[in-house]
Amino acid sequence: MKRVKANDPVAMLQMGLVCYNKGDYDSAFRRYNISAGLGDVAGHYQLSCLYRKGQGVEKDVKKEVYHLEQAAIGGHPIARYNLGAVEEENGRMDRAVKHWIIAATLGHNASLDTLKLCFRRGLVSKEDFASALRAHQAAVDATKSPQREAANEDV
């Protein structure tokens, strides 16, 4: 509670997640809003989810997309992936593919899988797909460490 009282954005996000999991969407919204206001990209992502589902707020596609954009600009790979899905729903496959390429370069596996499908359908060039694949692998490799591997062995 000390970090929440100090307006720590990560603590606010965590409290929002606790509220959300209890079904208290109004409190979750307030906490996510504070977190996002303090610059936490995950707070923006969580707000986009509330606006998409209409939990604690009215469904609002414009606000959902706004918060997805803010999270994606901040480097949130799932938000970037979801922006691609929004663009696909709106028939803008060229923009969708660009979002998925960016998310894949951040190490997002579902984006890479989606790009594979796009490649098979001829929506992504061989060069762009190969470049995204190399960048994805580099992002995944960058997260590897002996400590993480040891921790995974213990699980």
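The values are calculated or read from the model by the stated rules, or taken from the named source; none is laboratory data. Please read these numbers as outputs of a predicted model, since none were measured by experiment. For neighbour counting, all protein chains shown are included, and Cβ atoms are generated from backbone atoms with ideal geometry for every residue, glycine included. Areas reflect the complete protein model, heavy atoms only, side chains present, ligands, DNA and RNA absent. Shrake-Rupley method; radii C 1.70, N 1.55, O 1.52, S 1.80 Å.
Between (i) 16.9; (ii) 18.0; (iii) 15.9, which matches Kirkwood radius over Cα pairs in Å calculated for the structure shown?
(i)
Have a look at H136, N109, S125 and report the one farthest towards the positive end of the charge dipole of region 39-155, computed about the Cα centre with Cβ charges (Lys/Arg +1, Asp/Glu -1).
S125
Given the -39500 (n - 2.57) contribution per DSSP H run of 4+ residues, what per-residue ellipticity at 222 nm results for the chain, rounded to the nearest 500 deg cm²/dmol?
Numbers: 10 runs with 120 residues, N = 155.
For the chain, the value works out to -24000 deg cm²/dmol.
Under a point-charge model restricted to the Cβ atoms of Lys and Arg (+1) and Asp and Glu (-1), what is the dipole moment magnitude of region 1-118 relative to its Cα centre, in debye to the nearest 20?
That gives a dipole near 300 debye.
In whole percent, how big is the carbon plus sulfur part of the accessible area of region 60-135, probe 1.4 Å, protein atoms only?
Percent of accessible area from carbon and sulfur atoms in region 60-135: 52.
Under the Karplus relation 6.51 cos²θ - 1.76 cosθ + 1.60, θ = phi - 60°, what is the ordered set of whole-Hz ³J(HN,Hα) values for region 3-8, x standing for Gly and Pro?
For region 3-8, the Karplus-derived couplings read 5, 5, 5, 7, 6, 6 Hz, x marking Gly and Pro.
Per residue, how many Å² of accessible area does the chain show with a 1.4 Å probe? Can you show the working numbers first?
Working: 9360 Å² over 155 residues.
I get 60 Å² per residue for this part.
Can you tell me which lysines have their Cα less than 29 Å from the Cα of K22? Leave out same-chain residues fewer than eight positions away.
K2, K5, K53, K59, K62, K63
Taking all protein chains as present, what is the carbon and sulfur share of the accessible area of region 17-56, in % to the nearest whole number, probe 1.4 Å? Provide the component values of the computation, followed by the final result.
On the way: 890 of 1890 Å².
Carbon-and-sulfur percentage of accessible area, whole number: 47.
Which residue, I78, I34, I101, tops the fluctuation ranking in a GNM of the chain built on C-alpha contacts under 10 Å?
Checking each option, the largest mean-square fluctuation is seen for I34.
Would you mind calculating the relative contact order of the chain from Cα pairs under 8 angstrom and at least 6 residues apart, reporting the percent as a whole number?
Details: 201 pairs, mean separation 18.8, N = 155.
This gives 12 percent for the chain.
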